[in-house]
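First comes the structure, then the notes that go with it.
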Amino acid sequence: MALASAALPWSAWAQTVCSRDIAVPVAPIGLSVTVAGEDVAGVYPEVLRNSVAREGCPLKFSVVPRARQELMFETGRADLLVPATRTPKRDEAGVFVPMVSSRATLISLSSERAPLRSLAELQARREMRVVLVRGFDYGESYQALIKELEQQGRLSLASDAVSVARMLGNGMAEVTVMAPSILVGALLGDARVRPLLEQLRYEPVDELPWGESGVYVSKTALSEADRQSLLVLLERAAKSGQVWREFVKHYPPGSLTGSIRQR
């Protein structure tokens, strides 16, 4: 009997902590979230499987565009928003659990142009076309940049970071704004744009300082008991350093410098 019991899978032993499956819509984002068909992997899915699903909160991943992922969370149709930087708008819909420190920068391909030292300089350089990922949000300065560039007719919105890389590579845009780890991950994951990896030029600006990146837990989609259970499990994962270890495991040495760091 003891031998038979020992052969039982983990799921037979795990105590059910959450009352239902946890809905987690995801979009490809560097190596933080990778998608191959319906298979979801990457830094954050692995963290969620090890810290949430393994402890009794089954996960139900679905693959959607980033903008829809954001909308689903805002309207209470998603239990988690992952990964996400912390913003006041997202704080209205969810409770944030910080996992790592991150920052966005201006990113372009190497050239001899004069450096950009601020978002204001980027706005003033009207000859430079900008491409951003639809649904990304790096705070108030970033949102103000979007509005100004839209008014100037210089902004293109892409569905993902690979599309951004293609537009930079074929000359349809000169600059993007995102966390470098996202674009690096996208290039590493797609042979068609991988040659651009050694041409990237990063320009940090004061309007996009270091901030927190992690997971949002919905305030409206979950019962109070399920929300508290998820918060406990995610905070435990954050304190353990598990997220940083996953980043180090997934990304090449040195590629996270200036983009992601341990809290």
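The values are calculated or read from the model by the stated rules, or taken from the named source; none is laboratory data. None of these values were measured; they are calculated from a predicted model. Neighbour counts are summed over all protein chains in view; Cβ atoms, including those assigned to glycine, are modelled from backbone coordinates with ideal geometry.
Would you confirm whether or not the stretch 50-68 contains a residue that is of a type in the set (Val, Ile, Thr), within 21 Å of residue 99 (Cα to Cα) and under 14 Å from the mean Cα position of the chain (by Cα)?
Kept after step one, since they are of a type in the set (Val, Ile, Thr), are these residues of the stretch 50-68: 52, 63-64.
Among the residues that remain, those that are also within 21 Å of residue 99 (Cα to Cα) are: 52.
Next, from what is left, pick out any that are under 14 Å from the mean Cα position of the chain (by Cα): none.
Within the stretch 50-68, none of the residues are of a type in the set (Val, Ile, Thr), within 21 Å of residue 99 (Cα to Cα) and under 14 Å from the mean Cα position of the chain (by Cα).
Do we find a residue being farther than 19 Å from residue 213 by Cβ, surrounded by fewer than 21 Cβ atoms within 10 Å (Cβ to Cβ) and charged (D, E, K, R) anywhere in the stretch 37-45?
From the stretch 37-45, those farther than 19 Å from residue 213 by Cβ are 37-39; that's our starting set.
From what is left, the residues that are surrounded by fewer than 21 Cβ atoms within 10 Å (Cβ to Cβ) are 37-39.
Restricting the remaining residues to those that are charged (D, E, K, R) gives 38-39.
The answer is yes, given that some residue of the stretch 37-45 is farther than 19 Å from residue 213 by Cβ, surrounded by fewer than 21 Cβ atoms within 10 Å (Cβ to Cβ) and charged (D, E, K, R).
Of all residues in the stretch 198-227, which are aliphatic (A, V, I, L, M) and farther than 26 Å from residue 101 by Cβ?
Those that are aliphatic (A, V, I, L, M) and farther than 26 Å from residue 101 by Cβ: 221, 222, 225.
Under 6 Å between Cβ atoms, which residue pairs at least 6 apart in sequence (or on different chains) link something in the stretch 108-128 that is farther than 20 Å from residue 143 by Cα with a partner that is of a type in the set (A, V, I, L, M, F, W, C)?
As it stands, the answer is 109/168, since those pairs meet every condition given.
Between 32, 19, 11, which is modelled with pLDDT of 95 or more, polar (S, T, N, Q) and either surrounded by 18 or more Cβ atoms within 10 Å (Cβ to Cβ) or within 23 Å of residue 233 (Cα to Cα) (or both)?
Numbers: 32 fails: modelled with pLDDT of 95 or more; 11 fails: modelled with pLDDT of 95 or more.
19 is the lone residue from the list that is modelled with pLDDT of 95 or more, polar (S, T, N, Q) and either surrounded by 18 or more Cβ atoms within 10 Å (Cβ to Cβ) or within 23 Å of residue 233 (Cα to Cα) (or both).
Considering the stretch 187-239 alone, what residues qualify as being among the basic types (Lys, Arg), assigned by TED's automatic domain parsing to the domain that holds residue 93 and without any contact (Cβ under 8 Å) to a residue 40 or more places away in the chain?
Once the filter is applied, which keeps residues that are among the basic types (Lys, Arg), assigned by TED's automatic domain parsing to the domain that holds residue 93 and without any contact (Cβ under 8 Å) to a residue 40 or more places away in the chain, the stretch 187-239 yields only 239.
Among the residues of the stretch 126-144, which ones are of a type in the set (A, V, I, L, M) and within 15 Å of residue 107 (Cα to Cα)?
Selection gives 128, 130, 131, 132, 133.
Condition first: buried (at least 18 other Cβ atoms within 10 Å of the Cβ) and either of a type in the set (A, V, I, L, M) or more than 15 Å from the chain's Cα centre (by Cα) (or both). Now tell me which residues in the stretch 208-220 satisfy that. Step through it out loud before you land on a result.
Step one: list which residues in the stretch 208-220 are buried (at least 18 other Cβ atoms within 10 Å of the Cβ), which gives 208, 213-218.
Matches in the stretch 208-220: 208, 215, 217, 218.
Within the group 125, 154, which residue is outside the structural domain of residue 257 (by TED's automatic domain parsing), surrounded by 19 or more Cβ atoms within 10 Å (Cβ to Cβ) and over 23 Å from residue 83 (Cα atoms)? First the steps, then the outcome.
On the way: 125 fails: surrounded by 19 or more Cβ atoms within 10 Å (Cβ to Cβ).
The match here is 154.
If I filter the stretch 227-245 for residues that are of a type in the set (Asp, Glu) and surrounded by fewer than 20 Cβ atoms within 10 Å (Cβ to Cβ), do I get at least one hit? Reasoning before the result, please.
So the first thing to find is which residues in the stretch 227-245 are of a type in the set (Asp, Glu), and the list is 235.
Cutting the leftovers down to surrounded by fewer than 20 Cβ atoms within 10 Å (Cβ to Cβ) gives us 235.
Scanning the stretch 227-245 turns up at least one residue that is of a type in the set (Asp, Glu) and surrounded by fewer than 20 Cβ atoms within 10 Å (Cβ to Cβ).
Quick one: which residue in 79, 137 is of a type in the set (Asp, Glu), modelled with pLDDT under 95 and within 19 Å of residue 25 (Cβ to Cβ)? Step through it out loud before you land on a result.
Values: 79 fails: modelled with pLDDT under 95.
After ruling out the rest, the residue left standing is 137.
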